[in-house]
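**Q** This structure is in structure tokens; I'll ask about it shortly.
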Amino acid sequence: MSRRAAMHVSRLLIEQARNKAFSTAIFKDVGISNSASHVPGGATFHNHGIFRAASTVRVRHWSGVASDVAKDEKAAPDEDQGGRAVVSSYWGVAPPKISKADGSPWRWNCFRPWETYTADTTIDVKKHHEANTFMDKFAYMTVQALKYPTYLFFQRRHMCHAMLLETVAAVPGMVGGMLLHCKSLRRFEQSGGWIKALLEEAENERMHLMTFLELSKPTWFERALVFAVQGAFFNAYFVAYVLSPKLAHRIVGYLEEEAVNSYTEFLIDLEKGLVENQPAPAIAIDYWRLPPNSTLKDVVTVIRADEAHHRDLNHFASDIQCQGHELKEYPAPLGYH
Ligand SMILES: [Fe+2]
Ligand SMILES: [Fe+2]
């Protein structure tokens, strides 16, 4: 390679790296129309024939503005009318244009109407798995050891605690789902739906994070902390899941118990007025199908219910394996909310 070509390539690589790590890139989303069909949840799904122009959606890689994506997504349907740019439909990949049951445009690209649900808040939030075996005690002590420094660090800064907790909570489902996926491929066997169940859990946790991002903005220090914690936790959980899936699920079961407890503390401080009970973000109202006048307290209540469901799912997954069975032998609780 000539020196000039090498310089050109290195300049391109630097440009790419800089854009990925620190900038807010922009790409063109598309809107369009032709036919419409109905999907579960009462939404209307328009499949458009041509890529026409449309809204500008920001893709956040390292943005300091927590609500940019949501704002842009809210603006998207209106901007769609302008038709400012034309994008070739050569690949035939036309994103759908979706409407709510009432005909108003669906404003989120990060989740769709058929992924929304009404949380079951009647679930027992005090349930605890007694640690009787050595493995259970080890899992419980591991979580307790992780819990105290976290509580010391955050104390009663619930919003910040919740936001950072969710960055960790969304990892196990993805790692477990990925490893079960690989196992299914390796062994030429079904998974019993557990891959999907664990990926659903990861996605649900990520939606918790997206919700808190609408209410609180991470500082550079918190971003750096998440970066480091994710690196350590992802790898530790990966190794734990490879060595002993039943231990890994038990640890997550206890982590979820602690998540339920920390959201209960959050609710207590909201009741006492120590935390402002601000209006619920729009993303939460649409995701959990909440009434339009919902508040932060309603959001924390449904998130706590989600955590209690994750607790049960993971303890159940561990129990199945502790009883000498494989996960695939029992149908996974898909859509368990
Ligand atoms: Fe969560
Ligand atoms: Fe959870």
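The values are calculated or read from the model by the stated rules, or taken from the named source; none is laboratory data. Source: prediction; values computed, not measured. Reconstructed Cβ throughout: ideal geometry from the backbone, glycine too, with neighbour counts over all protein chains shown.
**Q** Name the residue that is nearest to Val299 (Cα to Cα), counting only residues in segment 241-281 that are among the polar types (S, T, N, Q) and within 16 Å of ligand 2 (Cβ to nearest atom).
**A** Within segment 241-281, the subset among the polar types (S, T, N, Q) is 244, 261-262, 264, 277-278.
Applying the additional criterion that residues be within 16 Å of ligand 2 (Cβ to nearest atom) yields 261-262, 264.
On the way: Asn261: 15, Ser262: 14, Thr264: 12 Å.
Per the criteria, the residue is Thr264.
**Q** Within segment 324-335, is there a residue that is under 20 Å from His208 (Cβ atoms), in contact (Cβ under 8 Å) with a residue 24 or more places away in the chain and within 16 Å of ligand 1 (Cβ to nearest atom)? So that I can check it myself, show each step before the final result.
**A** Here is the first cut: in segment 324-335, the residues under 20 Å from His208 (Cβ atoms) are 333-335.
Then drop every residue that is not in contact (Cβ under 8 Å) with a residue 24 or more places away in the chain, which leaves 333-335.
Those still in the list that are within 16 Å of ligand 1 (Cβ to nearest atom) too: none.
Checked against the condition, which is being under 20 Å from His208 (Cβ atoms), in contact (Cβ under 8 Å) with a residue 24 or more places away in the chain and within 16 Å of ligand 1 (Cβ to nearest atom), segment 324-335 yields no hits at all.
**Q** Still on this structure: Checking Asp136 against (1) crowded, with 17+ Cβ neighbours inside 10 Å; (2) more than 16 Å from ligand 1 (Cβ to nearest atom); (3) within 24 Å of the chain's Cα centre (by Cα), only one condition comes out false. Which one?
**A** Tallying (1) crowded, with 17+ Cβ neighbours inside 10 Å; (2) more than 16 Å from ligand 1 (Cβ to nearest atom); (3) within 24 Å of the chain's Cα centre (by Cα), Asp136 fails exactly one: (3).
**Q** From Glu265, Glu257, which residue is over 18 Å from the mean Cα position of the chain (by Cα), surrounded by fewer than 20 Cβ atoms within 10 Å (Cβ to Cβ), over 21 Å from Leu199 (Cβ atoms) and not hydroxyl-bearing (Ser, Thr, Tyr)?
**A** Numbers: Glu257 fails: surrounded by fewer than 20 Cβ atoms within 10 Å (Cβ to Cβ).
Checking each option against the conditions leaves just Glu265.
**Q** Something else: So is Ile98 closer than 25 Å to Lys196 by Cβ and in a strand (DSSP E or B) or not? Write out each step before concluding.
**A** Working: closer than 25 Å to Lys196 by Cβ: yes; in a strand (DSSP E or B): yes.
Yes: the conditions hold for Ile98.
**Q** Would you point out the residue of segment 284-306, among those that are within 19 Å of Asp269 (Cβ to Cβ) and within 16 Å of ligand 2 (Cβ to nearest atom), that is surrounded by the fewest Cβ atoms within 10 Å (Cβ to Cβ)?
**A** Looking only at segment 284-306, we keep the residues that are within 19 Å of Asp269 (Cβ to Cβ), and these are 284, 294-305.
Those left that are additionally within 16 Å of ligand 2 (Cβ to nearest atom): 284, 299-305.
Details: Ala284: 25, Val299: 26, Val300: 25, Thr301: 21, Val302: 24, Ile303: 25, Arg304: 21, Ala305: 19.
The selected residue is Ala305.
Quick grid of which residues meet (1) in contact with a strand residue (DSSP E or B) (Cβ under 7 Å, 6 or more places away or on another chain); (2) at positive phi; (3) within 16 Å of ligand 2 (Cβ to nearest atom); (4) free of Cβ contacts under 8 Å to residues at least 40 places away in the same chain:
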position: Ala139; (1), (2), (3), (4): no, no, yes, no
position: Phe154; (1), (2), (3), (4): no, no, no, yes
position: Thr167; (1), (2), (3), (4): no, no, yes, no
position: Phe188; (1), (2), (3), (4): no, yes, no, yes
position: Ser191; (1), (2), (3), (4): no, no, no, no
position: Leu209; (1), (2), (3), (4): no, no, yes, no
position: Phe212; (1), (2), (3), (4): no, no, yes, no
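**Q** Here's a follow-up. Hey, could you check segment 148-174 for residues that are among the polar types (S, T, N, Q) and surrounded by fewer than 22 Cβ atoms within 10 Å (Cβ to Cβ) and say which is nearest to ligand 1 (Cβ to nearest atom)? Break it down into steps so the answer makes sense when it comes.
**A** Going residue by residue through segment 148-174, those that are among the polar types (S, T, N, Q) are 150, 155, 167.
In the following step, the residues that additionally are surrounded by fewer than 22 Cβ atoms within 10 Å (Cβ to Cβ) were identified as 150, 155.
Working: Thr150: 14, Gln155: 20 Å.
So the residue we want is Thr150.
**Q** Can His310 be described as surrounded by fewer than 16 Cβ atoms within 10 Å (Cβ to Cβ), of a type outside the set (Asp, Glu), modelled with pLDDT of 95 or more and at negative phi?
**A** Numbers: surrounded by fewer than 16 Cβ atoms within 10 Å (Cβ to Cβ): no; of a type outside the set (Asp, Glu): yes; modelled with pLDDT of 95 or more: yes; at negative phi: yes.
So His310 does not fit the description; no.
**Q** Whether any residue in segment 235-242 is at pLDDT 95 or above, among the hydroxyl-bearing types (Ser, Thr, Tyr) and under 18 Å from the mean Cα position of the chain (by Cα) is what I want to check.
**A** Quick first cut of segment 235-242, residues at pLDDT 95 or above only: 235-242.
Within this subset, residues satisfying the condition of being among the hydroxyl-bearing types (Ser, Thr, Tyr) are 237, 241.
Cutting the leftovers down to under 18 Å from the mean Cα position of the chain (by Cα) gives us 237.
Yes, that holds for at least one residue.
**Q** When residues of segment 99-144 are filtered for being out of contact with any helix residue (DSSP H, G or I) (no Cβ under 7 Å at 6 or more places or on another chain) and over 24 Å from Phe316 (Cβ atoms), how many remain?
**A** Of the residues in that region, 8 qualify.
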